[in-house]
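Just so it is clear, none of the values below were taken in a lab; they were calculated from the coordinates. Keep in mind the model is a prediction, meaning the values are calculated, not measured. Cβ sites come from the backbone with ideal geometry, for glycine too, and all protein chains shown count toward neighbours.
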Amino acid sequence: MLRHSTMDTPVGPFTVITTAGGAVRAAGFTADVPELMRLVHPALRAPVEADDDVGPVRAAVRDYLAGDLTALDGVPVEQHTDGQFMRHAWDVMRQIKPGDPVTYTRYADLAGRPAAVRAAAAACARNAVALILPCHRVLRTDGSLGGYRWGLPVKAWLLEHEAAG
């Protein structure tokens, strides 16, 4: 059984779906749990119920919003992919520091495949645990925001929040 909890943030509701052990399987700026569940790899889907006790992630998100920009670093995540590069790219994504966003080109380079800019962009697009794995810290090559599943105003706010920290 998975658990979900929604909390208010300055940019709207933020929902997390976790395992009983507290590993985050999905997270996003929405209150729509079915929408968020669609992001979870089919191999990791299970029934989900509302429960504010979803492990350390709620406190970590609160701390992040209060200015501790490293609070999410230790939150466990559980995503699944069949691709080795995607798994590695997600690990690399977690190492992008707050206030120091990178371009898709730089992200591909950090992931060890400089020519794989499209694959790096796909890693961002397929990231089911937004905020915890900071895909919002990856920008277009020209430095513009690019896309963000939860909307460009949310991405802009997150980047401004981190730049101020």
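Quick query: amide H of THR9 versus all other amide H atoms, modeled in the peptide plane; which residues come in under 5 Å with a sequence gap of 5 or more or a different chain?
Result for THR9 returns PHE14.
Under 5 Å between amide H atoms, partner at least 5 residues away or on a different chain: which partners does THR103 have, H built in plane at 1.01 Å?
Long-range HN contacts for THR103: LEU139.
Add -39500 (n - 2.57) for each DSSP H run of 4 or more in the chain, then divide by its residues: what number comes out at 222 nm, to the nearest 500 deg cm²/dmol?
Using -39500 (n - 2.57) per qualifying helix, the result is -9000 deg cm²/dmol.
Evaluate the relative contact order of the stretch 1-66 (contact order divided by residue number), counting alpha-carbon pairs under 8 angstrom at least 6 apart; express in whole percent.
Details: 111 pairs, mean separation 24.2, N = 66.
Over the stretch 1-66, the number comes to 37 percent.
With +1 on each Lys and Arg Cβ and -1 on each Asp and Glu Cβ, and nothing else charged, work out how big the dipole of the chain is about its Cα centre, in Debye to the nearest 20. Please report the intermediate quantities before stating the final value.
Details: 17 positive and 18 negative charges, 124 e Å.
I would put it at about 600 debye.
Only counting other Cβ atoms within 10 Å, I'd like LYS97, LYS155 sorted with the fewest neighbours first. Each step should come with its number before you reach the end.
On the way: LYS97 13, LYS155 24.
Taking fewest neighbouring Cβ atoms as first place, the list is LYS97, LYS155.
Report the relative contact order of the stretch 74-141, percent, no decimals, based on alpha-carbon pairs under 8 angstrom and at least 6 residues apart. Show your work: numbers first, answer last.
On the way: 71 pairs, mean separation 26.5, N = 68.
So the answer I get is 39 percent.
Going by C-beta contacts inside 10 Å, put ILE132, ILE17, ILE96 in order with the fewest on the left.
On the way: ILE132 23, ILE17 26, ILE96 18.
With the fewest neighbours first, ILE132, ILE17, ILE96 line up as ILE96, ILE132, ILE17.
Residue by residue, what Karplus-based ³J(HN,Hα) values in Hz, rounded to whole numbers, does the stretch 145-154 have, using 6.51, -1.76 and 1.60 with θ = phi - 60° and x for Gly and Pro?
4, x, x, 6, 3, 9, x, 5, x, 5
For the pair SER144 and ALA20, what calculated FRET efficiency results from E = 1/(1 + (r/R0)^6), where r is the Cβ-Cβ distance and R0 = 35 Å, to the nearest 0.05?
Details: r = 41 Å, r/R0 = 1.16.
It comes out at approximately 0.30.
Taking θ = phi - 60°, what integer Hz values does the Karplus form 6.51 cos²θ - 1.76 cosθ + 1.60 yield along the stretch 108-115, in sequence order, with x for Gly and Pro?
Taking θ as phi minus 60°, the curve returns 4, 5, 4, 7, x, 9, x, 7 Hz for the stretch 108-115.
For the stretch 3-11, just list the computed ³J(HN,Hα) in residue order, Karplus coefficients 6.51, -1.76 and 1.60, θ = phi - 60°, integers in Hz, with x standing in for Gly and Pro.
Each residue's phi maps through the Karplus curve to give 10, 9, 8, 10, 10, 7, 9, x, 10 Hz.
Can you pull the one-decimal nm distance between simple spin-label points at ASP63 and ARG118, each 7 Å off the Cα toward Cβ?
4.1
Relative contact order of the chain, please, whole-number percent, based on alpha carbon pairs below 8 angstrom and at least 6 residues apart. Show your work: numbers first, answer last.
Details: 275 pairs, mean separation 35.3, N = 165.
Computed over the chain, the figure is 21 percent.
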